[in-house]
1. It is to be established whether one or more residues within segment 209-226 are over 18 Å from the mean Cα position of the chain (by Cα), among the β-branched types (Val, Ile, Thr), crowded, with 18+ Cβ neighbours inside 10 Å and more than 12 Å from the ligand (Cβ to nearest atom).
2. Checking Gly277 against (1) within 16 Å of the ligand (Cβ to nearest atom); (2) free of Cβ contacts under 8 Å to residues at least 24 places away in the same chain, only one condition comes out false. Which one?
3. Consider only pairs whose beta carbons are under 9 Å apart and that are at least six residues apart or on different chains; among these, list those whose first residue lies in segment 142-159 and is farther than 11 Å from Leu229 by Cβ and whose second residue is at pLDDT below 95 and part of a loop (DSSP other than H, G, I, E, B).
4. I'm told Ala342 meets every condition in (1) of a type in the set (Gly, Ala, Ser); (2) within 14 Å of the ligand (Cβ to nearest atom); (3) in contact (Cβ under 8 Å) with a residue 60 or more places away in the chain except one. Can you identify the failing condition by its number?
5. So which strands (runs of 3 or more DSSP E) are wholly in segment 278-340 and hold at least 1 residues that are over 24 Å from Gly246 (Cβ atoms)?
6. Can you name the residue in segment 173-197 that is more than 21 Å from Gly54 (Cβ to Cβ), open to solvent by 20 Å² or more (accessible area, probe 1.4 Å) and under 20 Å from the mean Cα position of the chain (by Cα) and, of all such residues, is farthest from the ligand (Cβ to nearest atom)?
7. Got at least one residue in segment 299-314 being in contact with a Pro (Cβ under 9 Å, 6 or more places away or on another chain) and free of Cβ contacts under 8 Å to residues at least 40 places away in the same chain?
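The values are calculated or read from the model by the stated rules, or taken from the named source; none is laboratory data. Every value quoted in this text rests on a predicted model; they were computed, and no experiment measured them. Cβ: placed from backbone, ideal geometry, glycine included. Neighbour counts: every protein chain shown. Note: areas computed on protein heavy atoms with side chains; ligands, DNA, RNA excluded. Shrake-Rupley method; radii C 1.70, N 1.55, O 1.52, S 1.80 Å.
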Amino acid sequence: MPEVVPLRIERGRGVRIIDQTRLPHALVELELRTLDAVCEAIRSLRVRGAPLLGVAAACAMAIAGETVGADDESLAHAATAVRATRPTAVDLHRAAEAARAAAAAAGPSPEARRAALWDFAERLLRAQRERDAAMARHGAALLPVGARVLTHCNTGALATGGIGTALGVVREAHRQGKLAHCYATETRPLLQGARLTMWELMQEGIPATLLADGAAGGLLASGRVHAVLVGADRIARNGDTANKVGTLALAAAAARFGVPFYVVAPSTSFDLRCPSGAAIPIEERSAEEVASFAGVRTAPEGARVFNPAFDVTPSDLIAGWVTEAGVLRPPFEAVEALLRDAGEYAGIH
Ligand code: MRU
């Protein structure tokens with residue numbers, strides 16, 4: 001099975017990513033050597049998925065330390081630039097701030113600060129891989145033998161650098177011989193489900209079916225799905241969860257038809273300073289993404305467009321939050337402890 005490696009850290013120089021906008025037609029790697037190049041790659045979704053955005057942000061900070069300066073002021077500016085790329089995934093914001101803190105803790109020497117920034121990025125990627133493996137085990141334990149599941153967007157290796165969050169659970173259930181089938185929504189407008197999730201599932205030989213977003217309600221009503229598994233970009237203290245636009249409609253339909261709906265996300269995707277989903281910033285992207293398809297204009301010129309990249313699923317529609325510490329429910333004291341104690345996030349939680 002070829003391993004999908006969406007991001008490689010090239011210590012002291014930069015980062016190498018798979019350009020996810022080119023998948024599944026071309027597997028193209030890009031070498032990013034400047035802060036601006038990483039910020040552009042994040043904004044345009046060449047690198048994406050909440051946990052991987054955290055690692056990409058840490059790499060951007062380490063690259064800034066090499067190319068702009070490793071002093072407090074340079075890193076403060078770099079963190080502002082990184083944080084301006086995408087507002088919703090808290091991993092990105094937390095990693096930029098934690099990188100600054102790691103440099104500051106290394107003392108005044110520029111060499112020591114640069115080393116601390118690379119150490120932080122490497123540690124974060126390693127830790128994410130471990131978190132993914134733990135989530136996969138906890139999540140797979142929730143599924144019945146012969147499980148048929150539905151997932152949304154892409155939450156696989158491409159989104160984390162490990163085995164994935166929700167898709168990691170699918171992988172683990174398949175490895176255990178428990179999974180009968182995975183349904184994947186196409187995930188309009190940028191088609192992360194069609195382009196990326198189907199690519200990952202098919203690479204692994206996992207039985208999978210793609211459906212249009214609008215077909216998910218009927219599938220859930222049919223009784224053919226045992227559970228819905230999705231990832232998260234930011235989870236508020238009360239459990240309200242921001243994830244790829246369309247998640248809320250899936251959760252509402254799942255509740256109506258009695259299908260358990262699980263969020264699979266590491267502790268780093270929780271924002272316990274957000275009391276509820278109302279406080280989560282939701283990214284709005286360009287009208288062109290909705291008004292066109294594969295580069296061809298589909299809507300009439302001048303059509304007004306609403307294009308939020310995420311929506312917020314209220315806590316009461318969610319059966320459980322699968323984290324590296326097990327399946328949790330609000331108020332998430334265990335997450336608070338994990339973030340407090342995790343080496344890479346000490347003091348940033
Ligand atoms: O806009 P994207 O592709 O970055 O959105 C990704 C999602 O919404 C994922 O579900 C989420 O980040 C969790 S990834 C493990």
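1. First, the residues of segment 209-226 that are over 18 Å from the mean Cα position of the chain (by Cα): 209-226.
Subset that is among the β-branched types (Val, Ile, Thr): 209, 225.
Retained after the next criterion (residues that are crowded, with 18+ Cβ neighbours inside 10 Å): 225.
The next check asks that each one be more than 12 Å from the ligand (Cβ to nearest atom); those that pass are 225.
Yes: one or more hits.
2. Of the numbered conditions (1) within 16 Å of the ligand (Cβ to nearest atom); (2) free of Cβ contacts under 8 Å to residues at least 24 places away in the same chain, the odd one out for Gly277 is (2).
3. So the pair list comes out as Gly156/Val4; Ala157/Glu3; Ala157/Val4; Leu158/Val4.
4. (2)
5. On the way: elements: 310-313, 320-323, 326-328.
Hits in segment 278-340: 326-328.
6. Within segment 173-197, the match that is farthest from the ligand (Cβ to nearest atom) is Tyr183.
7. Looking for residues that are in contact with a Pro (Cβ under 9 Å, 6 or more places away or on another chain) and free of Cβ contacts under 8 Å to residues at least 40 places away in the same chain, one finds none in segment 299-314, hence no.
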